[in-house]
Amino acid sequence: QYSLIKDVVSSLKRHRMHEQQFTHHPLLVLSNFGLQQIQVKLMASMFQNMFPSINVHRVNLNSIKRCLLISYDTETQLLSFRHYSVKVVPVGVSKGLKKLLQEKFPNMSRLEDISELL
């Protein structure tokens with residue numbers, strides 16, 4: 001079973017698709033591929049070699065825009081394939097500072113000093 005991209009986009013209230021999402025490879029997450037069966041090991045190896053490996057100590061979190069989740073169901077022997085868009089947002093900061101960190105410019109016409117924004 002599959003869905004076309006136009007069907008997925010039309011079902012979303014706010015879709016976030018832009019070209020920058022596809023400039024970097026996705027973060028690959030494999031679930032239930034730890035079995036000792038040769039065909040499961042072969043599938044895991046094939047999926048891992050489709051995308052470059054990520055050094056978790058050196059990766060820039062802002063460069064990860066997508067996550068690819070592949071899950072294997074041992075009972076039905078089916079693969080579940082999910083492709084997510086990832087957005088990094090600052091948390092625990094004021095609304096004005098959040099806009100600045102996201103490189104958006106808040107309306108400061110009502111403010112007398114920058115400290116009111118922060």
Item to check | Top-ranked residue of the stretch 65-99 - restricted to ones that are of a type in the set (Ser, Thr, Tyr) and assigned to a strand (DSSP E or B), ranked as most open to solvent (accessible area, probe 1.4 Å) | outcome: TYR84
Checklist entry - Does the stretch 13-64 hold any residues that are among the charged types (D, E, K, R), modelled with pLDDT of 85 or more and outside any helix (DSSP H, G or I), and which are they? => result ARG58
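Only one residue in SER63, SER53 is closer than 12 Å to HIS25 by Cα and free of Cβ contacts under 8 Å to residues at least 12 places away in the same chain, so which one is that?
Only one candidate passes the filter, namely SER53.
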Item to check | Residues located in the stretch 28-71, provided they are out of contact with any His (no Cβ under 7 Å at 6 or more places or on another chain), within 30 Å of PRO90 (Cβ to Cβ) and not β-branched (Val, Ile, Thr) | outcome: LEU28, LEU30, SER31, SER53, ASN55, HIS57, ARG58, ASN60, LEU61, ASN62, CYS67, LEU69
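Taking into account only those residues within the stretch 59-101 that are closer than 22 Å to GLU19 by Cβ and of a type in the set (Gly, Ala, Ser), which is farthest from the chain's Cα centre (by Cα)?
Taking the stretch 59-101 and keeping what is closer than 22 Å to GLU19 by Cβ, we get 59-68, 82-89.
Checking which are of a type in the set (Gly, Ala, Ser) leaves us with 63, 85.
Numbers: SER63: 10, SER85: 4 Å.
Looking at the filtered set, the residue picked out is SER63.
Can you tell which of LEU61, LEU35, LEU28 is under 17 Å from HIS83 (Cα atoms) and either among the hydrophobic types (A, V, I, L, M, F, W, C) or open to solvent by 100 Å² or more (accessible area, probe 1.4 Å) (or both)?
Numbers: LEU61 fails: under 17 Å from HIS83 (Cα atoms); LEU35 fails: under 17 Å from HIS83 (Cα atoms).
Answer to the selection: LEU28.
The values are calculated or read from the model by the stated rules, or taken from the named source; none is laboratory data. None of these values were measured; they are calculated from a predicted model. Methodologically, a virtual Cβ is constructed for each residue, glycine included, from the backbone with ideal geometry; neighbour enumeration extends over all protein chains shown. Heads up: the accessible areas ignore ligands, DNA and RNA and are worked out on the full protein's heavy atoms, side chains in. Shrake-Rupley method; radii C 1.70, N 1.55, O 1.52, S 1.80 Å.
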